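Here the structure is laid out as structure tokens; the discussion comes afterwards.
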């Protein structure tokens, strides 16, 4: 025979908690990022992490391992992880393009910026001053704020596409003539001059992505603390919550 728990006592009129509850503002939330967008974001973050770590080791190989060469396959495993993560990045971008077509309007913010609108640049400048600690706290944005949108298009998307194209061009060398990688991306190497030039630009692109990730993580955490809406948790739940 189960016993019924007594109801929790309600805060009395003179209780400080009752005053806090009465003064608390209601939290509003908007569903922004759909599940495929959130899944792509975190898978993409993992792929970039693996690509940066293994790509650095490929460009600056580890010291020679002791013993027979046939007994050591360390660089082979590193290269395999790099190639696998590269495929994940490329396929993820294709899936992201598809979802920009069939998803909500926030899913399309990654692929275009209203550069022709004066009010957009006014908002960008306002966000620049906010991030530089010289401007007032900006308004609330449901999707990306104007500066973040600009950074996502020109600091991530175009750079990620550049890395995919140059990466598959270099991969096509090992896949040999006639492979689909060589047929689709073989034109990249003579365009840059030679294979080593593509390697150099590909590595510079890696450092560009690393810098973007650092700024992106900093800005997201800073906005979560100082801004008017949630950022990090939004990419987990999909809901943007507003603090005021």
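Throughout, read-outs are computed from the coordinates displayed, never taken from laboratory work. Please read all numbers here as calculations on a predicted model, not as lab measurements. We place every Cβ from the backbone using ideal geometry, glycine too, and count neighbours over all the protein chains shown.
Using the beta-carbon distance between residue 83 and residue 121 and R0 = 41 Å, what value does 1/(1 + (r/R0)^6) give for FRET efficiency, to the nearest 0.05?
Numbers: r = 41 Å, r/R0 = 0.99.
About 0.50, to the nearest 0.05.
From the P(r) of the stretch 114-233, could you give the percentage of C-alpha pairs in the tail past 18 Å?
So the pairs more than 18 Å apart make up 62 percent of the total in the stretch 114-233.
Given a Förster distance of 45 Å, report the FRET efficiency between residue 31 and residue 197 from their Cβ-Cβ distance, rounded to the nearest 0.05.
0.45
For the stretch 29-111, what is the largest minus smallest coordinate of the Cα atoms on each principal axis, given in angstrom and ordered from greatest to least?
59, 23, 18
Note down, for the stretch 16-154, the three equivalent ellipsoid semi-axes (square root of 5 times each alpha carbon gyration tensor eigenvalue), biggest first, whole angstrom.
Here the semi-axes work out to 42, 21, 18 Å.
Helix-derived [θ] at 222 nm for the chain: sum -39500 (n - 2.57) over DSSP H runs of at least 4, divide by residue count, nearest 500?
-19500 deg cm²/dmol
Which whole-number percent gives the relative contact order of the chain, counting Cα pairs below 8 Å spaced six or more residues apart? The partial results should precede the final answer.
Working: 214 pairs, mean separation 60.6, N = 244.
Relative contact order comes out at 25 percent.
Looking at the chain as a GNM with Cα springs under 10 Å, which of 193, 103, 139 has the largest mean-square fluctuation?
Fluctuation is largest for 193.
Calculate the tail of P(r) for the stretch 88-134: the fraction of all Cα-Cα distances greater than 13 Å, expressed in %.
67
In Å and from the alpha-carbon atoms only, list the Rg and Dmax of the stretch 204-244.
Radius of gyration, then largest Cα-Cα span, for the stretch 204-244: 12.5, 42 Å.
Tell me, what is a quarter of the convex hull surface for the C-alpha atoms of the chain, in nm² with one decimal?
24.8
Cα centroids of the stretch 43-78 and the stretch 138-183: how far apart, whole angstrom?
22
Which of the peptides 64-72, 172-180, 111-119 is most tightly packed, and how do the rest follow, going by the mean number of other Cβ atoms within 10 Å of each residue?
Going from most to least packed, we get 172-180, 111-119, 64-72.
What FRET efficiency, computed as 1/(1 + (r/R0)^6) with R0 = 41 Å and r the Cβ-Cβ distance, is obtained for residue 108 and residue 72, rounded to the nearest 0.05?
0.30
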